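Here's the structure we're looking at; comments come further down.
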């Protein structure tokens, strides 16, 4: 057993999906940077497309062509978010990118959708001491998330899948299905046949 102290930074532990504390000075500085850019973005109007695009490219890890994010929009760091071409994110989208969030091309995200990568220990003491961790989220190409959908960390949603409004996605969804509910369950395949997991 190796008893050597862990010399990794809080950010390195965070990105590895391990327990870390968000009050680390480096992470606080990164969160403040994101907050400044998010406030600037949310203060723009529809008549400022060039400014909006410049702010998104500064804030996010990568942004494809013809991406639309309607303000207000919120994130933790921004740098762990990648969005594909022609994605559309409606008002009040919340992307808590403690871990990576990948949003594919042609994704449609309804209003008030939340993609939440962080999680906290179930045990009371580490939670009281402000330890947390995160798991990534992957949204495949051409997915539609209806209004108010919540996607939890560690979830992958396959391409062409539709998630009904108000659903809470707690586990992976395959490509090409309709899923609804809390927790979200596969209702049917898009081609109309009953899904095997329904």
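Only the coordinates and a few stated rules stand behind these numbers; no lab work does. As the structure is a computational prediction, the values presented were derived from the model and not from experiment. Note: ideal-geometry Cβ built from the backbone for every residue, glycine included; neighbour counts use all protein chains shown.
Computed quantities for the displayed model
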{"item": "Label-to-label distance, nm, for residues given as residue 191 and residue 94 (7 Å Cα→Cβ offset)", "result": "3.8"}
{"item": "Net lengthening on full extension, residue 12/residue 40 (0.36 nm per residue, minus Cα-Cα)", "result": "7.3 nm"}
{"item": "Shape parameters for region 3-129, alpha-carbon atoms, Rg then Dmax in Å", "result": "16.0, 58"}
{"item": "Potential lengthening between residue 79 and residue 119 on full extension [0.36 nm per residue; Cα-Cα distance subtracted]", "result": "12.5 nm"}
